[in-house]
2 protein chains.
Amino acid sequence: MSHSIELISIGDEILQGQIVNTNAAFIADRLTQNGIPTARMTIVGDQCETILDAFKRAAGRAQAVIITGGLGPTPDDLTKPCLVEFFGDKLIFREDLLVKVKDRFAARGLEMPETSRNQAEFPAGAREIPNPNGTAVGIHYSRDGVEWFALPGIPMEMRAMVDDYVIPRLQELGLGQRVAIRVLRTTGIGESFLMQQMIRLTDAAMLVEVAFLPCVFGVDLKLTACGESPGDNERRLDQAEELLLPDLEPYFYARGSETLPEVVGRMARESGLRIAVAESCTGGLIAKWLTDMPGSSDFFERGVVCYSNESKIELLGIPRELIARHGAVSKEVAEAMAAGLLKRSRASLAVSVTGIAGPGGGTCEKPVGLTYLAVADHGGCEGFKFQFGQSRDANRKRAAAAALKLLFNHFKAGPLP
Amino acid sequence: MSHSIELISIGDEILQGQIVNTNAAFIADRLTQNGIPTARMTIVGDQCETILDAFKRAAGRAQAVIITGGLGPTPDDLTKPCLVEFFGDKLIFREDLLVKVKDRFAARGLEMPETSRNQAEFPAGAREIPNPNGTAVGIHYSRDGVEWFALPGIPMEMRAMVDDYVIPRLQELGLGQRVAIRVLRTTGIGESFLMQQMIRLTDAAMLVEVAFLPCVFGVDLKLTACGESPGDNERRLDQAEELLLPDLEPYFYARGSETLPEVVGRMARESGLRIAVAESCTGGLIAKWLTDMPGSSDFFERGVVCYSNESKIELLGIPRELIARHGAVSKEVAEAMAAGLLKRSRASLAVSVTGIAGPGGGTCEKPVGLTYLAVADHGGCEGFKFQFGQSRDANRKRAAAAALKLLFNHFKAGPLP
């Protein structure tokens, strides 16, 4: 079994369900992006017997093994002693490593605690994997045709070491195929309905692998090309994209890793427009997403979370009788919210949401999930109706994503007539 | 190795890092809560060879095996055929299951697609595990002293089947110890500083196991008692809590699973007060958290996200010269925000945040992470200074948690003098 990589995660906290094993997902994703398939993941606890058993199994199957966890200074950190025992190696005390550990503490104005002294012990027959973000040095063994990489379990430390050391070494060893990945991001349509619309999906699948990945903003399409050369991969991705884009068009918002709020923020900045947001059922989520990115004050003018009818009337100038006539969850009120906010703010574009997030508050006429959105600019105002589902959390996220989609569409189409 | 449970997750999407294996964490947590330790987790892809190998390894070690994934209707769903092959069993077509599958589609107004017909095939020698939320029935084998449970990978379906079927069966088999768990939730202090403060931690650790679990609102302490009887466990938990609470007191906000926003919402409802929120750097996060729970309109009056100076002046009536004199990030402006919002809303309690979330915008005098909060009621207004760290995302969350902590303290202490 060549080109077979195994991940071993060590830690009682994973086996007890106290933490989710995001480290394995991170490493597997990085390996996939470099065309290196992961064959197996194993998680064992902080006991020498099961750790050694996991090493033994992997040694008989894998070409490379990536271990995370168990490199800290406390007695339940067993990866280093287990590796040394497994390879018949020994630990030596390295003054140069001690200096580095002490320096790291000193940089934070602290003295090294005596318990951290063992961080300077290192296997005689292994190479160091530098850890720019912590005291635990990684361990690299090459034995019997298998590469072993042991990394700390702290995600921030582990991630840098995977990117800076492990992936380059695996590439040098000729592991990994020439793969190229492109992500096409869509919003406003569910996975199965999107799939149904993609009449040229089968044609595209002849060129690249297509995976559907739902995320909070919509559905991402991950295209993976695995061709003869980098040039061939790019050609395949371009051709697949050309086949797919016409069907995706109404939902497509970005290539790559840019999120929907980031795209909207970038378009607002490019067009010199500032956005204001009036939220009822989304309760601040749209504002939160738009201000997640640094520098959002360039385009985010203000937000109001008008949960009560009084706040809608006072903050946005909605006529009381409009709410009485149509109800707070109505197209009329959504439009009045967006138009009212635009008038009372210094924004050039306003978006509003009012809906029944649930689980309570629904009626036969206005069921849970019913949501109205509106967008207003100085040319006019337009409202839209959506019927989402039963889950409060999902309804709020879908409504917030729909609001961003409206802003995105507005930037693409230009001002309202 | 008795009382040894192994989890096997099946699916290429996990091995490729497309999804994080939250199923294994969920099951491990449920097992831990029932005093059943998980010995190992294995993740393999959608290939018969590696699935059968994983079954073989587990059969030689475990007392029970819980498998997730690979029970769907598509050709890459291999758990059912692999189990049948592994146990020398055969699949039989069950008309009664077909009726259930068809009924499930009919309930959604759909006809069963032909591809789902195989969901009615079931191993002759296994028992069904009912799936109240989907078409894939779970499979329970008892063979050679090992219990095998195969469940679908869709979290919502899997979770109900673990709680309703797997855990009760494991308890009937005498697996699991009499454990009792109590969670003490704290906010406003980091893990290591909290630990330092807990001078009676060692005494408590003689009675119960104490785990520190950081979460978005602060640090949770999970106490696990593993005594002679349920009564003994409760006694241990009570004694440990009595030892620990005095040190936790300034940070403690809840026992159990209630979140910080939920506690604040409950206290507001109980005291008949309505809350308004003025957010600058948190950008809507506090409002979002407070409106996450159903029925939040009872106590959440309104929120404003006043990113720009203009919006602070217009929405909250902050004097322009106050901002000019002290800067938008200052105790004076935070207090004016809370007091201004209180005056202009129908709330009886207002909280405000202004800070430099980063990564840009910091100066020597006002570095990234500097944040001011204030709380105002009709008796007065009080401001507070915080210095958080370098990460924008962490700073926003810590500021939002600090705002909720201020509201919590306010409810505990009563009105401002």
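The values are calculated or read from the model by the stated rules, or taken from the named source; none is laboratory data. These numbers were taken from a predicted model, which means no experiment stands behind them. Ideal geometry is used to build each Cβ from the backbone, glycine not excepted, and the neighbour counts take in all protein chains shown. The protein model used for the area step is the full one, side chains on, heavy atoms only, and it has no ligands, DNA or RNA in it. Shrake-Rupley method; radii C 1.70, N 1.55, O 1.52, S 1.80 Å.
Listed values, structure above:
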| read-out | value |
| --- | --- |
| Nearest-0.05 FRET efficiency for B:Leu52 and A:Leu98, computed from C-beta distance (R0 45 Å) | 0.40 |
| Check: the protein assembly as shown dipole with +1 on Lys, Arg Cβ and -1 on Asp, Glu Cβ, in debye | 2100 debye |
| Most mobile of A:Ala240, A:Ala59, A:Ala334 in a GNM of chain A (Cα contacts under 10 Å) | A:Ala59 |
| Projected label distance in nm at A:Cys215 and A:Ala107, using a 7 Å step from Cα toward the beta-carbon | 3.1 nm |
| Gyration tensor (alpha-carbon) shape descriptor, chain A, a/c threshold 1.5 | prolate |
| Point-charge dipole on Cβ atoms (K/R +1, D/E -1) for region B:38-181, about Cα centre, debye to 20 | 380 debye |
| Residue of chain A nearest the A-to-B rotation axis [by Cβ], rounded angstrom distance | A:Gly284, 2 |
| Among B:356-363, A:20-27, the order from most to least packed when residues are scored by Cβ within 10 Å on average | A:20-27, B:356-363 |
| Bridge type composition, region A:63-208 - antiparallel percent by DSSP, nearest 5 | 70 percent |
| Paramagnetic label zone (point 7 Å from Cα along Cα-to-C-beta, B:Ser229; backbone N under 12 Å) in region B:170-193 | none |
| For chain A, built as a Gaussian network whose Cα springs stay under 10 Å, the top-fluctuating residue of A:Arg185, A:Arg344, A:Arg255 | A:Arg344 |
| Calculated label separations, A:Thr202, copies of the chain, 7 Å along the beta-carbon direction, nm | 7.3 |
| Chain B: calculated mean residue ellipticity at 222 nm from DSSP helix runs of at least 4, using -39500 (n - 2.57) | -11500 deg cm²/dmol |
| Intensity falloff of the protein assembly as shown expressed as log10 I(q)/I(0), Debye formula with alpha-carbon point scatterers, at q = 0.07, 0.10 Å⁻¹ | -0.62, -1.32 |
| Between region B:53-120 and region B:351-417, the Cα center-to-center distance that results, in Å | 53 Å |
| Cα-centre dipole for chain B with unit charges at Cβ (Lys and Arg positive, Asp and Glu negative), debye to 20 | 1140 debye |
| Accessible surface of the protein assembly as shown, 1.4 Å probe, proportion on carbon and sulfur as whole % | 52 percent |
| Of all DSSP beta bridges in chain B, antiparallel share, percent nearest 5 | 60 percent |
| 10 Å Cβ neighbours from other chains, averaged over peptide B:9-16 | 5 |
| Choice from B:Leu248, B:Leu322, B:Leu290 showing the highest fluctuation, given a GNM over chain B with Cα pairs closer than 10 Å | B:Leu322 |
| Options B:Leu316, A:Gln119, B:Leu71, ranked by Cα towards positive dipole end of the protein assembly as shown, top entry (Cβ charges) | B:Leu316 |
| P(r) histogram, all alpha-carbon pairs of region B:95-253 included - 10 Å bins from 0, percent | 9, 25, 20, 18, 17, 9, 1 |
| Distant alpha-carbon pairs in region A:1-84 (separation over 21 angstrom), percent | 28 percent |
| Region A:151-235: GluC sites (Glu not before Pro) in DSSP loop, at most 14 other beta carbons within 10 Å | A:Glu228 |
| Antiparallel bridges, percent of DSSP beta bridges restricted to the protein assembly as shown (to nearest 5) | 65 percent |
| Computed label-point distance, nm, for sites B:Asp164 and A:Ser271 using a 7 Å Cα→Cβ extension | 4.9 nm |
| Average beta-carbon neighbours from other chains, 10 Å sphere, peptide B:298-304 | 6 |
| Accessible surface of A:Ser308 - all protein chains present, 1.4 Å probe, nearest 10 Å² | 20 Å² |
| Cβ-based charge dipole, region B:213-284, positive-most Cα from B:Gly231, B:Leu248, B:Val216 | B:Val216 |
| Shielding score for A:42-54, defined as the mean number of other chain Cβ atoms within 10 Å | 3 |
| Translational diffusion coefficient (Stokes-Einstein; Kirkwood radius from C-alpha pairs) of region B:179-329 at 25 °C, 0.890 mPa s, in µm²/s | 136 µm²/s |
| Members of A:Lys288/A:Lys366; B:Lys343/B:Lys412; B:Lys56/B:Lys80 lying beyond 18 Å, as alpha-carbon distances in this model show | A:Lys288/A:Lys366; B:Lys343/B:Lys412 |
| Net charge contributed by nearby residues that have their C-beta within less than 14 Å of B:Gly256 (K/R +1, D/E -1) | +1 |
| Where A meets B: accessible area buried, both sides, 1.4 Å probe, Å² | 4800 Å² |
| Karplus 3J(HN,Hα) series, Hz, for region B:210-227 with 6.51 cos²θ - 1.76 cosθ + 1.60 (x for Gly, Pro) | 10, 10, 9, 10, x, 9, 5, 8, x, 10, 9, 9, 9, 9, 10, 9, 9, x |
| Among B:Thr371, B:Val329, B:Gln196 the positive-end extreme of the charge dipole of chain B (Cβ point charges) | B:Val329 |
